[in-house]
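A.B. asks: My structure is below; once you've seen it, I'll send some questions.
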Amino acid sequence: MKKRILITGGAGFIGSHVVRRFVKSYPDYKIVNLDKLTYAGNLLNLVDVEGEDNYEFVKGDIVDADFITELFHVNQFDAVIHLAAESHVDRSIASPMEFVMTNVIGTVNLLNAAKESWKGEYSQKRFYHVSTDEVYGALGEVGMFTEATAYDPHSPYSASKASSDHFVRAYHDTYGLDVVISNCSNNYGSHHFPEKLIPLAINNIKNNKAVPVYGKGENVRDWLWVEDHARAIDVIFHQAKTGETYNIGGHNEWKNIDLIKLLCKIMDNKLGREVGSSEQLITYVTDRAGHDLRYAIDSSKLQEKLGWVPSLRFEEGLEKTVEWYLENEQWLNDVTSSNYQSYYETQYAER
Ligand code: NAD
Ligand code: DAU
């Protein structure tokens, strides 16, 4: 094996796409997927790679420092690609401490284990931290986030991710650990947990349930196909210089309400409904507290230095996504069973 890579959070939405890409593209790498299997982690996301010789799954919690130290000791990793996190803004508003524990303490535990286990060979090892554009805060009508934009997080989620980014940079500056960070915009695609806008709306439209749009639906997000994110991570992991940060984004800004209307149209077509009929499900609800108005990523550094560009037009990607959810009804039924129902009722009852 040329490299032993620890991927954390590999049973989640983006992590499962990254694991699949690395297991399939690099047969001479050993990929160890460490995941706690929270509500968001699902081994069904990886059935197509679970039997591969170069893949291993380990269930565990990055908050458990002793366990992480032992895992590094036993496996002698060459690199870490760190995606494990609590990732949903609304949940962070309801329970911020879980975000501090996993996103901040969990990240520092991994950094400590890497720092100790890799002593004397930092230049041959790499710690890749996967982060978000939300650390930059909110934009007005114009402008874009660049790698030089000052951090200004607003939600407990983005504050915890910003904190973890700072720790990763501090371990580079203080101890000389080889780190890279990427900050990506909103992802969409298959295996996305239906607490997030696009899969939640797909599930609700399918079941003729109200589609909750926060506030006036005027918030803007920059959407990227998840497989394009996984490809960007691959490129950055292999080619970025030590200590570098890359922004990743789709140059694809959509107001929430326009996106939902497009989704209704695609769903009506796929479900054989009268086109436009699902728009009746749109229901404006109380806005998210501290709701960031607009995100937009300037990914020109990644495009110019490493030659990465998004591969799919949004309409095409959204259609593929809808098809995946309609073809994978069992997956959707599994993840929307008991716990999801109580989450949904609590989250949306008071809106
Ligand atoms: P997700 O919620 O779908 O998956 C997170 C995974 O981490 C799950 O499998 C979960 O079981 C695991 N996990 C959570 N706590 C853990 C712990 N304490 N120990 C071990 N495993 C744990 O999240 P996602 O949307 O796939 O996001 C992955 C990463 O990418 C996160 O770091 C997130 O901040 C970042 N990110 C996400 C987006 C997006 O649009 N979803 C965009 C930019 C960056
Ligand atoms: O920008 C990157 C971030 O994108 C990631 O770091 C996060 O992990 C990921 O969850 C995502 O955060 P958002 O808060 O932007 O995603 P979410 O799908 O929750 O919401 C997208 C937009 O839709 C946002 O403006 C809030 C709105 N929304 C969301 C939900 C769940 C609604 O209007 N109704 C809803 O029911």
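All of the numbers you see were taken from the coordinates with simple rules; none came from a lab. Since we're looking at a predicted model, the values are computed, not measured. In this analysis, Cβ positions are derived from the backbone assuming ideal geometry, glycine residues included, and neighbour counts consider all displayed protein chains.
A.B. asks: Reachable lysines from LYS36, Cα under 28 Å, same-chain residues fewer than 8 places away excluded?
C.D. replies: Cα-Cα hits under 28 Å: LYS2, LYS3, LYS24, LYS59, LYS115, LYS119, LYS125, LYS161, LYS196.
A.B. asks: Next question, about the same structure. Roughly speaking, what is the centre-to-centre gap between the range 159-188 and the range 304-337 when only Cα atoms are used, to the nearest Å?
C.D. replies: Taking the Cα centre of each part, the range 159-188 and the range 304-337 sit 26 Å apart.
A.B. asks: What is the dipole size for the chain, taken about its Cα centre, with +1 at each Lys and Arg Cβ and -1 at each Asp and Glu Cβ, in debye to the nearest 20? Kindly include the intermediate steps, with their values, before the conclusion.
C.D. replies: Working: 35 positive and 50 negative charges, 59 e Å.
Its charge dipole is roughly 280 debye.
A.B. asks: Give, in nm to one decimal, the length gained when the segment between THR283 and LYS119 is fully stretched (0.36 nm per residue of separation minus the Cα-Cα distance).
C.D. replies: Details: separation 164, 0.36 × 164 = 59.04 nm, distance 5.53 nm.
The span from THR283 to LYS119 would gain 53.5 nm if fully extended.
A.B. asks: Based on alpha-carbon atoms only, what is the radius of gyration of the range 109-233 relative to the globular estimate 2.2 N^0.38 Å?
C.D. replies: Rounded to two decimals, the normalised Rg is 1.30.
A.B. asks: First obtain the Kirkwood hydrodynamic radius of the range 49-193 from its Cα pairs, then insert it into the Stokes-Einstein equation at 10 °C and 1.306 mPa s, and state the resulting D in µm² per second as a whole number. Kindly include the intermediate steps, with their values, before the conclusion.
C.D. replies: Details: Rh = 16.5 Å.
It diffuses with D of about 96 µm²/s by this estimate.
A.B. asks: According to the Kirkwood expression over distinct Cα-Cα pairs, how big is the hydrodynamic radius of the range 108-167, in Å?
C.D. replies: Here the Kirkwood hydrodynamic radius works out to 13.4 Å.
A.B. asks: Right, another one. Could you state the orientation-averaged shadow area of the convex hull built on the Cα atoms of the range 263-326, in nm² to one decimal? Can you show the working numbers first?
C.D. replies: Working: hull surface 27.3 nm².
Projected area, direction-averaged: 6.8 nm².
A.B. asks: Order the peptides 9-16, 93-100, 166-173 from the highest to the lowest mean number of other Cβ atoms within 10 Å of their residues.
C.D. replies: 9-16, 166-173, 93-100
A.B. asks: Quote the charge dipole size of the range 158-316 about the Cα centre in Debye, to the nearest 20; the model charges only the Cβ of Lys and Arg (+1) and of Asp and Glu (-1). Numbers along the way, then the final one.
C.D. replies: Working: 19 positive and 21 negative charges, 75 e Å.
Approximately 360 debye in magnitude.
A.B. asks: Taking the Cα centre of the range 36-119 as origin, sum charge times position over the Cβ atoms of Lys and Arg (+1) and Asp and Glu (-1), and report the length of that vector in debye to the nearest 20. Don't skip to the end; give the middle numbers.
C.D. replies: Details: 5 positive and 14 negative charges, 71 e Å.
Approximately 340 debye in magnitude.
A.B. asks: List the equivalent ellipsoid semi-axes of the range 205-351 in whole Å, largest first, each obtained as the square root of 5λ for an eigenvalue λ of the Cα gyration tensor. The partial results should precede the final answer.
C.D. replies: Numbers: eigenvalues 195, 71, 56 Å².
They are 31, 19, 17 Å, listed from largest to smallest.
A.B. asks: Across the Cα atoms of the chain, what radius of gyration and what greatest pairwise Cα-Cα distance (Dmax) are found, in Å?
C.D. replies: 19.7, 65
A.B. asks: Right, something else. Lys/Arg Cβ at +1, Asp/Glu Cβ at -1, dipole of the chain taken about the Cα centre: which of LEU71, VAL18, HIS238 is farthest positive-ward?
C.D. replies: Positive-most Cα among the choices belongs to HIS238.
A.B. asks: Next up: Suppose we keep just the DSSP beta bridges with both residues in the chain; what percent of those would be antiparallel, to 5?
C.D. replies: On the way: 4 of 42 bridges.
Among the beta bridges of the chain, antiparallel pairing accounts for roughly 10 percent.
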